[in-house]
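Remarks on the structure that follows.
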Amino acid sequence: MIRILITIAACLALTACAVPDPELEEQVNLGDFRLLGNVAVTTNARKMGVSRDATAEEWEAALEGAIEKRFARYEGETPYTISYSLDGYILATKAGRLALAPRSVMSMTVHVWQNDPLDRLEDRSKQLLIFEGLDGETVIGSGLFRDRDEQMANLAAQFSKAVERWLVANGDLFGVGVSEEALEAAKQDDADEIARQVQAEGAPAAN
């Protein structure tokens, strides 16, 4: 958790793109992927620094809703389960830049399961670091302009898009070739990759 906090502190000045509505954007190619299970584990989540409160049930509803919205549209022949745990979060407060984070962030660990037979693919699991999308308001501090539910919804949408990038980077599971571009795109959410960039350069490349 300390490593994540240090990485967050180094990343807060960077931008993050807004997340398109999955109902309005073109689907990526996920081959034979079909979402069968959508499981959020939120009971062990920890607040990382100064943060608004949110219950495990509220996080579960936000995260599972965002994943369902993005992936229910895929109709491949092979069912998979996506499970993910919320490791820690910050929901920015009205203190803005005086607090640890002017915008919200969460640390997630995501897994993919084959369903026949049920098997978690451990070598594909990944810890992701998800930042709230920036706009003219969140640059100052999202706690000043967004309420807690809006922050959670924004993070959940950002997370679902990050999971999509992660699945594309693992497209060989679904019978799809994986390009270097897809691998690079997935790195922007990879907590280990972000930490390496912070250590090597002082700050990761902007999204």
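The values are calculated or read from the model by the stated rules, or taken from the named source; none is laboratory data. These numbers come from a predicted model, not from an experiment. Here Cβ is always computed from backbone atoms with ideal geometry, including for glycine, and neighbour counts include all displayed protein chains. We work out accessible area using only protein heavy atoms, side chains counted, and drop any ligands, DNA or RNA first. Shrake-Rupley method; radii C 1.70, N 1.55, O 1.52, S 1.80 Å.
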I need the full set of residues from segment 83-111 which are more than 17 Å from Ala54 (Cα to Cα) and modelled with pLDDT under 65, in order please. Ala95, Gly96, Arg97, Leu98, Ala99, Leu100
Among (1) open to solvent by 50 Å² or more (accessible area, probe 1.4 Å); (2) aromatic (Phe, Trp, Tyr); (3) at pLDDT 95 or above, where does Phe145 come up short? (3)
Among the residues of segment 33-71, the number that are outside any strand (DSSP E or B) and closer than 21 Å to Tyr84 by Cα is 24
Test for Arg52: is it at pLDDT 90 or above and in contact with a Pro (Cβ under 6 Å, 6 or more places away or on another chain): no
Would you check which residues across segment 22-55 are more than 11 Å from Phe71 (Cβ to Cβ), of a type in the set (S, T, N, Q) and surrounded by fewer than 17 Cβ atoms within 10 Å (Cβ to Cβ) and list them? Asn29, Thr43, Asn44, Thr55
Among the residues of segment 163-185 satisfying the criterion of being touching a residue at least 40 places away in the same chain (Cβ under 8 Å) and within 21 Å of Gly133 (Cβ to Cβ), which is farthest from the chain's Cα centre (by Cα)? Val168
Do we find that Ala45 is within 30 Å of Phe174 (Cβ to Cβ) and more than 14 Å from the chain's Cα centre (by Cα) in this structure? yes
Evaluate segment 1-20: report whether one residue or more is at pLDDT 95 or above and hydrophobic (A, V, I, L, M, F, W, C). no
So which of Gln114, Gln127 ends up being modelled with pLDDT of 85 or more, crowded, with 16+ Cβ neighbours inside 10 Å and either over 13 Å from the mean Cα position of the chain (by Cα) or of a type outside the set (Ser, Thr, Tyr) (or both)? Gln127
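Which residues, counting only those in segment 161-185, are of a type in the set (Gly, Ala, Ser) and part of a helix (DSSP H, G or I)?
The answer is Ala162, Ala169, Gly171, Ala182, Ala185.
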